[in-house]
Amino acid sequence: MPQPTNAPSKARAPFPAEADLHTWAAELDVVGAKLAPRFERSEPRQRVLAYLTGLLSNAERKNSWQLAELAGEDSPDGMQRLLSTAHWDADAVRDDLVAYVLEHLADPQAVLVLDETGFVKKGVKSVGVAPQYCGAVGKIANCQIGVFLAYATTAGPVLLDRELYLPKAWTEDAERRAEAGAPAQVSARPKPALGQALLQRAFAAGVQAAWVTADSVYGSVYALRHFLEEREQPFVLAVPSTQRVGLMDKAAQVVASWPQEAWERLSAGEGSQGPRWYDWACMSMPWRDAPEGMTHFLLARRSVSQPEEVAYYFVFGPTDVTLPQLALVAGTRWQVEQAFELAKGEVGLDEYEVRTWTGWYRHVTLALFALAYLTVVRLHAQRAQRLQQGRQGGRTNRKQQART
């Protein structure tokens, strides 16, 4: 998803207040215990916890050199081994991450969001690197592209899963793939296929969500929409203006025929500067059969300041869904940008210095775990604060009653 090139500098993870240190340390111990069975030897078992601790620190850069220094090690060799040759399975740790999120943040009203983000790189050796559009800088750049699945809850967004996209230049160059450690059985898969694989894994792991949403890179692909419909999974997926609506006209032509009274000004949710207002309209479009109680809709979002800017969405959901509900679901897609910003700014998602397939998946998976940990401890802190405020309010009320 495009981002402005003059994006603000990355925020760093705030060091916890002294009163919160016990909560942070205790929860990190929980994470360490959860990951321990994935490591056969004590050295990588201890080092992975040190790596996570470093990702959560205020270090200026979160590469192997910096993380090793924070861990009191003389060289980055140990951290580099953790990401390269140590014996552990990043996918198994990913499964632990999903279980951890479900344990602490499960929300049946959550929204699953598919999106991608770029990692700008120099040279040609890093696996998957190529000149391609990079949302992080808003233009074509030499970068890697990762496809991610976000889980947007009331506690905030986390990232559940990841896949590295391999451009055609890589899938057709066996020698280059072998040098970067990309498995020979990994075929050329477009981004929507990678996104569908992420959703399949999430559903298989027991992740439940009220809706799935994504931009038009994913929403325009019939196979992905059909996959979700077969599961009777509601979705709000962006499509291009040229998308055919069944056997009818293109989406832009259909929406242009709607009467003015079909439009309603609604918020797509809170942004950094308050509610994000747009004009919205929606019409039932039963272009194919749907299960009882479900139907298809065409949803449109029009800019208030520039009415010529219209976005289009295919919707599959309950027949009684309301336009305000759909506006909020569509607006939830921006939470994945918040998740990327937090992951890059606070836990070093993009600060790795690895070139191989294994190294990329290991660093990124640990960064996603660190982000989930941050979300969980912040939720604990918020609950504790509310509990404390409730107790203080109760004491104040009792004192006032005693005076009267």
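To keep it simple, each residue is scored yes or no on (1) of a type outside the set (A, V, I, L, M); (2) at pLDDT 90 or above; (3) part of a helix (DSSP H, G or I).
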| position | (1), (2), (3) |
| --- | --- |
| Phe316 | yes, yes, no |
| Tyr361 | yes, yes, yes |
| Leu366 | no, yes, yes |
| Gln389 | yes, no, yes |
| Gly394 | yes, no, yes |
| Lys399 | yes, no, yes |
(message) Report every pair of residues separated by at least 6 positions or lying on different chains whose Cβ atoms are under 9 Å apart, first residue within segment 252-276 and of a type in the set (S, T, N, Q), second assigned to a helix (DSSP H, G or I).
(response) Ser267/Pro324; Ser267/Ala327; Ser267/Leu328; Ser267/Gly331
(request) Just name the residue that is modelled with the lowest pLDDT out of those in segment 239-269 that are in contact with a helix residue (DSSP H, G or I) (Cβ under 9 Å, 6 or more places away or on another chain) and either within 12 Å of Ala327 (Cα to Cα) or assigned by TED's automatic domain parsing to the domain that holds Asp115 (or both). (result) Gly269
(message) For segment 248-269, which positions are assigned to a helix (DSSP H, G or I) and over 12 Å from Met285 (Cβ atoms)?
(response) Ala252, Gln253, Ala256, Gln260, Glu261, Ala262
(request) Look through Tyr133, Tyr100 and report the one residue that is of a type in the set (Phe, Trp, Tyr) and within 20 Å of Asp215 (Cα to Cα). (result) Tyr133
(request) Considering (1) without any contact (Cβ under 8 Å) to a residue 40 or more places away in the chain; (2) surrounded by 13 or more Cβ atoms within 10 Å (Cβ to Cβ), say which one Ala311 fails and leave the rest. (result) (1)
(message) Condition first: surrounded by fewer than 20 Cβ atoms within 10 Å (Cβ to Cβ) and under 21 Å from the mean Cα position of the chain (by Cα). Now tell me which residues in segment 229-252 satisfy that.
(response) Gln233
(message) Go through segment 115-138 and report how many residues are outside any loop (DSSP other than H, G, I, E, B) and either within 21 Å of the chain's Cα centre (by Cα) or free of Cβ contacts under 8 Å to residues at least 40 places away in the same chain (or both).
(response) 10
(message) For segment 32-75, give me each residue that is over 28 Å from the mean Cα position of the chain (by Cα), in contact (Cβ under 8 Å) with a residue 12 or more places away in the chain and either buried (at least 19 other Cβ atoms within 10 Å of the Cβ) or not in a loop (DSSP other than H, G, I, E, B) (or both).
(response) Glu43
(request) Mind checking which helices (runs of 4 or more DSSP H) fall wholly inside segment 142-221 and carry at least 3 residues that are touching a strand residue (DSSP E or B) at 6+ places or on another chain (Cβ under 8 Å)? (result) 191-204, 216-219
(message) Criterion first (among the charged types (D, E, K, R), surrounded by fewer than 18 Cβ atoms within 10 Å (Cβ to Cβ) and at pLDDT 95 or above) does Asp20 satisfy it?
(response) no
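The values are calculated or read from the model by the stated rules, or taken from the named source; none is laboratory data. Because the structure is a prediction, the values reported are computed rather than measured. We place every Cβ from the backbone using ideal geometry, glycine too, and count neighbours over all the protein chains shown.
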